[in-house]
């Protein structure tokens, strides 16, 4: 009996080892395929375009904000003789930031502009790329522990202060509870800086408000919607102001407020800008939004890269402009778009 148990145990161990080896082989094959594809793509691209430098633009965020950032970076690179590529976009599979970082290094690009994080493994890969002579910079999210040459983005204390100032502008005298929804993909230290900026704005106006926070995974739309819906069901009476720090949060809470007839029960201070956000702002569902200049961020990142490639140094930090978007701004923008659309329709009719 004991012998049979031992045999079964060894069989299970052997099976697990075999499965592990198969997974390892599949991972190596996947990595090899991706790197080979990117190296081939890189060679064809640089030869066909004639650009002097090739820059890999790396982000795992798929939003209109990042589309605007990349497009501005790509256009800014043209006169600087820099080909800015949305790295990995044309591959059949999706890859993590670290995997794309490995591929860009293996493809021997000249530069990398990336939305970073503070993971130790990411830091090591960034440093490895710098050691290989690749100019690595960060955009929007930084990694201060790495050897990156520059960061282009916003100061979280400053943007937090702006959120707080808007919350105060739209707060009633009786408002005392503020819920801040943070992005779980953001580093804890950065989140704390943002919250401290909000607190600073409230303290300066001597408003004694309770600040609560929750972190949601911005890449999971369902999780964001369900978490916000559940929170409002249980805490609506004690919620005066909600500050959303991502576009996904802003869109989700606005739609929930409309669907569940919560409009007017609390104020929404949102983030970023797209067509649906403009509609929510114009109708008063959202009180105001903080908008980071995505195009400016892309341009400045490439300008810093061009300076670094030419002189070997550039600014360690480039701050991007932030502005507010309120109801009258949204109405003006929507009217301008409608007028433009009507003008185009009239031209087509002619």
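The values are calculated or read from the model by the stated rules, or taken from the named source; none is laboratory data. Because the structure is predicted, anything quoted here is derived from the model rather than measured. We place every Cβ from the backbone using ideal geometry, glycine too, and count neighbours over all the protein chains shown.
Worth a mention:
- The set of residues from the stretch 285-320 being within 20 Å of residue 165 (Cα to Cα), touching a helix residue (DSSP H, G or I) at 6+ places or on another chain (Cβ under 6 Å) and in a loop (DSSP other than H, G, I, E, B) comprises 285, 286, 287, 320.
- Taking residues in the stretch 119-132 that are crowded, with 19+ Cβ neighbours inside 10 Å, and partners anywhere that are part of a helix (DSSP H, G or I), the pairs with Cβ atoms closer than 6 Å and at least 6 places apart or on different chains are 122/98; 125/98; 125/101; 129/105.
- Selection count where residues are surrounded by fewer than 18 Cβ atoms within 10 Å (Cβ to Cβ), at pLDDT 95 or above and either touching a strand residue (DSSP E or B) at 6+ places or on another chain (Cβ under 7 Å) or not in a loop (DSSP other than H, G, I, E, B) (or both), scope the stretch 275-284: 1
- Scanning the stretch 71-86 for residues that are under 23 Å from residue 271 (Cα atoms) and crowded, with 21+ Cβ neighbours inside 10 Å gives 72, 73.
- Subset tally (residues that are buried (at least 21 other Cβ atoms within 10 Å of the Cβ) and over 20 Å from the mean Cα position of the chain (by Cα)) for the stretch 87-103: 1
- Cβ-Cβ under 8 Å pairs, at least 6 apart or on other chains, the stretch 313-330 side free of Cβ contacts under 8 Å to residues at least 60 places away in the same chain and at positive phi, far side surrounded by 15 or more Cβ atoms within 10 Å (Cβ to Cβ) and not in a strand (DSSP E or B): none
- Filter pass, residue 272 being surrounded by 16 or more Cβ atoms within 10 Å (Cβ to Cβ), at positive phi and within 22 Å of the chain's Cα centre (by Cα): yes
- Any hit, the stretch 72-84, residues being under 18 Å from residue 292 (Cβ atoms), under 16 Å from the mean Cα position of the chain (by Cα) and in contact (Cβ under 8 Å) with a residue 40 or more places away in the chain: yes
- Search result, residues across the stretch 30-59 that are surrounded by fewer than 18 Cβ atoms within 10 Å (Cβ to Cβ), at pLDDT 80 or above and either assigned to a helix (DSSP H, G or I) or touching a helix residue (DSSP H, G or I) at 6+ places or on another chain (Cβ under 9 Å) (or both): 52
- Candidates 230, 203, 223: the one that is assigned to a helix (DSSP H, G or I), in contact with a strand residue (DSSP E or B) (Cβ under 9 Å, 6 or more places away or on another chain), surrounded by fewer than 22 Cβ atoms within 10 Å (Cβ to Cβ) and without any contact (Cβ under 8 Å) to a residue 12 or more places away in the chain is 223.
- Residue in the stretch 248-261 that is closer than 30 Å to residue 70 by Cα, part of a loop (DSSP other than H, G, I, E, B), modelled with pLDDT under 95 and within 16 Å of the chain's Cα centre (by Cα) present: no
- Selection status of residue 165, in contact with a helix residue (DSSP H, G or I) (Cβ under 7 Å, 6 or more places away or on another chain), over 23 Å from residue 144 (Cα atoms) and buried (at least 17 other Cβ atoms within 10 Å of the Cβ): yes
- Sole exception among (1) over 30 Å from residue 145 (Cα atoms); (2) in contact (Cβ under 8 Å) with a residue 60 or more places away in the chain; (3) surrounded by fewer than 20 Cβ atoms within 10 Å (Cβ to Cβ) for residue 185, by number: (1)
- Of all the criteria given as (1) farther than 21 Å from residue 117 by Cβ; (2) in contact with a helix residue (DSSP H, G or I) (Cβ under 6 Å, 6 or more places away or on another chain), the one not satisfied by residue 190 is (1).
- If the condition is being more than 26 Å from residue 67 (Cβ to Cβ) and at pLDDT below 95, then the stretch 124-144 contributes only 144.
- Looking at 292, 241, just one residue is in contact (Cβ under 8 Å) with a residue 24 or more places away in the chain and under 19 Å from the mean Cα position of the chain (by Cα), and that residue is 292.
- Options 217, 304, 289: the member that is at pLDDT below 95, surrounded by 14 or more Cβ atoms within 10 Å (Cβ to Cβ) and under 27 Å from residue 155 (Cα atoms): 217
- Residue within the stretch 104-112 that is surrounded by fewer than 22 Cβ atoms within 10 Å (Cβ to Cβ), closer than 30 Å to residue 270 by Cβ and in contact with a helix residue (DSSP H, G or I) (Cβ under 9 Å, 6 or more places away or on another chain) present: no
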